[in-house]
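Trainee: Structure in structure tokens, see below.
What follows draws every value from the coordinates through simple rules; no lab data is involved. Just so we're clear, the structure is a prediction, and the values are computed from it rather than from any experiment. Neighbour counts run over all protein chains shown; Cβ positions are idealised from the backbone, glycine included.
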Amino acid sequence: MLFGSRRALRADTCHGCHSRSDNKSCQTHIHIVLQQMYQKNPLFGYLCINKINCLTDTHKKTTKMTTGIIVAMEKELRLLTPSLYMPQITEEKGFTFYSGTIGGRKVCIMKCGIGKVNAAVGTAAMIDTFHPHLIINTGVAGGTGAAGILDVVLADRIAYHDIWCGPGTEEGDAAGCPRFFTPPAAVLRLPCATVRGIKRGLVCSGDRFISTPAEVKHILGLYPDALAVDMESAAIAHVCHLRNVPFVCLRVISDTPGAADNIAQYENFWEDAPRHTFEALSALLAELPEQSEL
């Protein structure tokens, strides 16, 4: 089936989701299986993924708009780039950009690097170079307790947990900008945003890997409803706010800071990360509205 005709691919029934293979959910299932294959044998998996992309993407009308996807680490980048159909690599402004399509959606993927400065500079470079209609920040995050390992968090608000501009200002308030950055309401209403397994809530960012109960307690003291912590999403949202580009933050929980084994949790997480990361991102890409609706 992998290297059969386009007609054969679309006519078969998927045994994973029991639907026709021209159904979006089935195409997502196929890509998840191939992602797992890629982890075991990168060369064979890469060839299979691009063959499936060729069969499923070429009969779709490719969107004219580009969706930017930003990750912080090489591990996160390697989970996504094998899924690109007709990939092109561009070196610009000190960053490497990977362009192509996923499910007929034009995307550009980049690794910005860890931390708020890298995230801000990388986001500005992507906006200046590719002019995306929307930027998605995805990758891993630590859970504060309400979200567990491998849960997917779709941020309905994003804030800094390590900014204070002095007396008369609130924690997290970067002078001249809102304390909370919010994604488009149209994205939060998508079916994939309400399915089981995806949690919606506040994501907080700061330039520190959170690993102790005291650090978690401090963040929850500032933001009692925080679901996750990371080191980039607030900076990405901040730049998008300044440049008037819609953004989305979609994170997978890799560990629970403060737990006795949180480092081991983080290391073991990568065994299951490919399926959860790609499944959530694929569902979001498939349902994104047109630019005028954001």
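Trainee: Please report how far the C-alpha centroid of segment 135-210 lies from that of segment 89-124, rounded to the nearest whole angstrom.
Mentor: After rounding, the separation between the Cα centres reads 20 Å.
Trainee: Counting other beta carbons within 10 Å of each residue's own, what order do ASP207, ASP230, ASP225 fall into, fewest first?
Mentor: On the way: ASP207 16, ASP230 28, ASP225 10.
Final ranking by Cβ density, sparse to dense: ASP225, ASP207, ASP230.
Trainee: Using θ = phi - 60° and the Karplus relation 6.51 cos²θ - 1.76 cosθ + 1.60, list the HN-Hα couplings for segment 210-224 in order, rounded to whole Hz, with x at every Gly or Pro.
Mentor: 7, 9, 10, x, 5, 5, 5, 4, 4, 5, 5, x, 7, 9, x
Trainee: Arrange the following residues from fewest to most other Cβ atoms within 10 Å of their Cβ: CYS177, CYS249. Could you put the intermediate results ahead of the total?
Mentor: Numbers: CYS177 14, CYS249 28.
Least to most surrounded, the residues fall as CYS177, CYS249.
Trainee: Quick one: which residues, 5 or more positions from ILE69 or on another chain, have an amide H under 5 Å from its amide H? H modelled 1.01 Å from N in the peptide plane, none for Pro or chain starts.
Mentor: CYS108, ILE109, MET110, ILE136
Trainee: Taking neighbour Cβ counts within 10 Å as the exposure measure, how do ILE163, ILE127 sort from fewest upward?
Mentor: Values: ILE163 21, ILE127 18.
If I rank by nearby Cβ atoms, fewest first, I get ILE127, ILE163.
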